[in-house]
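All remarks here apply to the structure that follows.
The values are calculated or read from the model by the stated rules, or taken from the named source; none is laboratory data. Just so it is clear, the structure is predicted and the values come from calculations on it, not from any experiment. Cβ atoms come from the backbone with ideal geometry, glycine included; neighbour counts cover every protein chain shown. With ligands, DNA and RNA removed, areas are computed over all heavy atoms of the protein, side chains included. Shrake-Rupley method; radii C 1.70, N 1.55, O 1.52, S 1.80 Å.
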Amino acid sequence: MMKIKNSVGWAGFLGASSVLVLALAAHALEAKLEAEQLNAVKTAGQIQLFHALALLSLSGLSEQFAMIFEKAMKLMLYGTIMFSFSIYLIVLKNTPGLEFFRFLWPVTPIGGLVLILSWVSIIVQSRKIGKP
């Protein structure tokens, strides 16, 4: 089971690292990346921040409800890491010596699909609320 304190910690990590990435994108990376790459980093950072907040919100539910949404929380965490972090690494593929990150391209859409499934899981699992 994903313990609430663990999910709060992961939400904090995702939130802090997304703010760091977005700050870097706004200030330090603007001159170093092409417009398309910079846009990809900003999109990944925003998706990461939104899902950090969603994970934190789910973590704030009572223990009973958190157990109902455990699968959604795991999917959200894994999907966010797969989606956002694969984009961050793929952007580095044009950096000399880091070309091997090209192999990560299939991870991004899989991560996006996992994020969609996390939200679908919330819909499905919410039907259990109030049922014995």
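Points worth noting:
- Cα-based Lys proximity count in the range 9-132, under 26 Å, for pairs eight or more positions apart or on separate chains: 8
- Ordered by solvent-accessible area of protein heavy atoms (1.4 Å probe), largest first, the residues M67, M73, M82 come out as M67, M82, M73.
- Distance between the C-alpha centres of the range 90-132 and the range 13-57: 15 Å, rounded to the whole angstrom.
- Accessible-area composition of the range 79-132, carbon plus sulfur, in percent [1.4 Å probe]: 77 percent
- Normalising the Debye intensity of the chain to I(0), with uniform scatterers on Cα atoms only, and taking log10 at q = 0.10, 0.18, 0.21, 0.22 Å⁻¹ returns -0.36, -0.94, -1.15, -1.22.
- Structure-based [θ]222 nm, the chain - -39500 (n - 2.57) summed over DSSP H runs of at least 4, per residue, nearest 500: -23000 deg cm²/dmol
- At least 24 Å along the helix axis (C-alpha) and Kyte average at least 0.0, DSSP helices within the chain: 4-27, 35-59, 107-126
- Using the 1.4 Å probe convention, the accessible area of the chain works out to 59 Å² per residue with neighbouring protein chains retained.
- Dividing the mean sequence gap of close Cα pairs (under 8 Å, 6+ apart) by how many residues the range 1-82 holds gives a relative contact order of 43 percent.
- Modelled label positions at R127 and F100, each set 7 Å beyond Cα in the direction of Cβ, lie 4.6 nm from each other.
- Highest to lowest packing among 27-33, 52-58, scored as the average C-beta count within 10 Å: 52-58, 27-33
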